[in-house]
Amino acid sequence: MPNQRFDFPQDFLWGAATSAYQVEGAADEDGKGPSIWDTFCRRPGAIQRGETGAEACRHYRHWKEDLALMKDLGLNAYRFSVSWPRVQSEGRGRANEKGLAFYERLVDEMLRLGLRPNLTLYHWDLPQALEDKGGWTSRDTALAFQDYCALVARRLGDRVPMWATFNEPDCVSHAGYESGVQAPGRRESPQVVNQVVHHLLLAHGLGMQALRREARLKGLQAGIVLNPLVIWPTPGRPEDVAAAERHWRVANDWWLEPLLKGGYPEEVWGWMGKDVPRVEPGDLQTIRQDLDFLGLNLYTRARITAGASKDPLVPDYAPLPEGARCTSMPGWEIFPPIMESLLVEVTRRWGRLPLYVTENGASFSQDAPGPDGRVHDPARIDYLRDHLQHAHRALASGVDLRGYFAWSLMDNFEWSFGYAQRFGIVHVDFQTFRRTPKDSAHWLGRVARENGFEAEPLPPRPSPFVQARG
Ligand code: GCO
């Protein structure tokens, strides 16, 4: 079958993504206060091999080289996050001038190089001082977040064009306060976890208001980055589709409905019973701020089946299908149709709104320079290309997709996995901190320069929800 062109819309953003704690290092330099991740990494057994983000990729020192590397590859955007405790060491009050100056230099250099800055205000690194006062279980933290957003918007709101309040608040709440596998590593009751979710949504609304009040750049885009479960019903039985639909409401719409419509999904609220969050008058109106875009992070699918669970809040996950190919992340099946399915489902359920794929990528932990000094990662090129082909098909169906950010620019601190996982399109030697662009970096850079690529045509495969609706 002859190859076809997969061309993307004009002005499509082609970028790479990182987050402060995962790449910066300099954990206690220049006035930065401790974050909950600095604390959590000291908990025995929390992080594989007892590793920490204290040094990470030393991006705090190598930032200029890292930006130049993206520019040389041909990328035109960079998604990064601001470390709250680097800007306000205790999470409140006076700004840490050296911390703000770092981000000012970083943004100014991006603009000089023609890399569109895509700034995330919160990528999980809460100042420890706020956690000591309750963290996200406390409504006050949402108020502190509003002040933090205003502070950063006053300093960078005249030049940063794209802002996200949060990255994956679902992980912040459920991994941080329910399972405890991420910082702050707490295991709270369902009601407390639901209250954390509510405080994060409230903080988002307050942060959006602060951004729009304080930032001066005309045409600034503000939104949020979510990681909806890419729910995939096991094929064949109507009850499996029904179970999957139910879990879409529980896992995804519990976030999307307040953000886009200003209310929690009624049926899910009912299933929660006494565990529902306390909602103050006006909260839902604050949460529902007009979004200029929605960022979506996606990697793999969640196969849902109708099984033994009697609790509508608890899904039955189907095992990996026979012969499933996975990345190095345990159980992360490689299944590129997720890209079309999620983009189409979000648009179908919530209306056409500007979307960015703010994270998509694969960890292959054996990545290393070969005898030729290059890092050959064909599996990652296949992963990126296959997912982009499905993104292209979503665009053809009318989805308003405006950009794609590979996770990640460079191998980095993968939370509880430490440095064992390598998601980067650029290899990092964690002894020398030498950066080596992998073959996938050169491939993505060329796609960015050409705004598309050639590949074999895709076989037809609408998502099961589309099939189920007929
Ligand atoms: C996330 C985070 C990233 C991760 C990446 C791989 O989506 O969990 O935004 O920080 O490193 O997704 O797990």
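A few remarks follow.
- Test for residue 250: is it closer than 13 Å to residue 197 by Cβ, out of contact with any Asp or Glu (no Cβ under 8 Å at 6 or more places or on another chain) and either buried (at least 19 other Cβ atoms within 10 Å of the Cβ) or small (Gly, Ala, Ser) (or both): yes
- On inspection, residue 377 fails the criterion of being acidic (Asp, Glu) and surrounded by fewer than 23 Cβ atoms within 10 Å (Cβ to Cβ).
- When region 110-136 is filtered for residues that are within 16 Å of the ligand (Cβ to nearest atom) and out of contact with any Lys or Arg (no Cβ under 9 Å at 6 or more places or on another chain), the ones remaining, listed by number, are 121, 122, 123, 124, 126.
- Counting only residues that are within 16 Å of the ligand (Cβ to nearest atom) and among the polar types (S, T, N, Q), region 386-426 holds 4 of them.
- All of 230, 241, 225 fail the test of being farther than 21 Å from residue 136 by Cβ, within 16 Å of the ligand (Cβ to nearest atom), in contact (Cβ under 8 Å) with a residue 12 or more places away in the chain and of a type in the set (A, V, I, L, M), apart from 230.
- Condition check for residue 383: within 16 Å of the ligand (Cβ to nearest atom), free of Cβ contacts under 8 Å to residues at least 60 places away in the same chain and hydroxyl-bearing (Ser, Thr, Tyr): yes
- Count of region 351-372 residues which are within 12 Å of the ligand (Cβ to nearest atom) and small (Gly, Ala, Ser): 3
- Filter result for residue 175 (over 23 Å from residue 407 (Cβ atoms), modelled with pLDDT of 95 or more and either more than 16 Å from the ligand (Cβ to nearest atom) or in a helix (DSSP H, G or I) (or both)): no
- Residue within region 163-172 that is without any contact (Cβ under 8 Å) to a residue 60 or more places away in the chain, out of contact with any Leu (no Cβ under 8 Å at 6 or more places or on another chain), surrounded by fewer than 24 Cβ atoms within 10 Å (Cβ to Cβ) and not in a loop (DSSP other than H, G, I, E, B) present: yes
- Candidates 8, 12 - the one that is away from the ligand (no atom under 16 Å from the Cβ), of a type in the set (Phe, Trp, Tyr), more than 25 Å from residue 121 (Cα to Cα) and out of contact with any helix residue (DSSP H, G or I) (no Cβ under 6 Å at 6 or more places or on another chain): 8
- Selection from region 22-47 of residues that are in a helix (DSSP H, G or I), touching a helix residue (DSSP H, G or I) at 6+ places or on another chain (Cβ under 6 Å) and closer than 24 Å to residue 73 by Cα: 23
- Residues that are out of contact with any Asp or Glu (no Cβ under 9 Å at 6 or more places or on another chain), of a type outside the set (Lys, Arg) and within 16 Å of the ligand (Cβ to nearest atom) occur at least once in region 338-348.
- Set 159, 186, 154: member being modelled with pLDDT of 95 or more and either more than 22 Å from residue 86 (Cα to Cα) or under 21 Å from the mean Cα position of the chain (by Cα) (or both): 186
- Checking each residue in region 224-258 for being of a type in the set (D, E, K, R) and farther than 16 Å from residue 303 by Cβ picks out 249, 253, 257.
- Only one of the numbered conditions (1) more than 26 Å from residue 344 (Cα to Cα); (2) surrounded by 23 or more Cβ atoms within 10 Å (Cβ to Cβ); (3) among the small types (Gly, Ala, Ser) is not met by residue 273, and that is (2).
The values are calculated or read from the model by the stated rules, or taken from the named source; none is laboratory data. Predicted model only: the values in this text are computed from it and were never measured. Cβ coordinates were reconstructed from backbone atoms using ideal geometry, including for glycine residues, and neighbour counts include every protein chain displayed.
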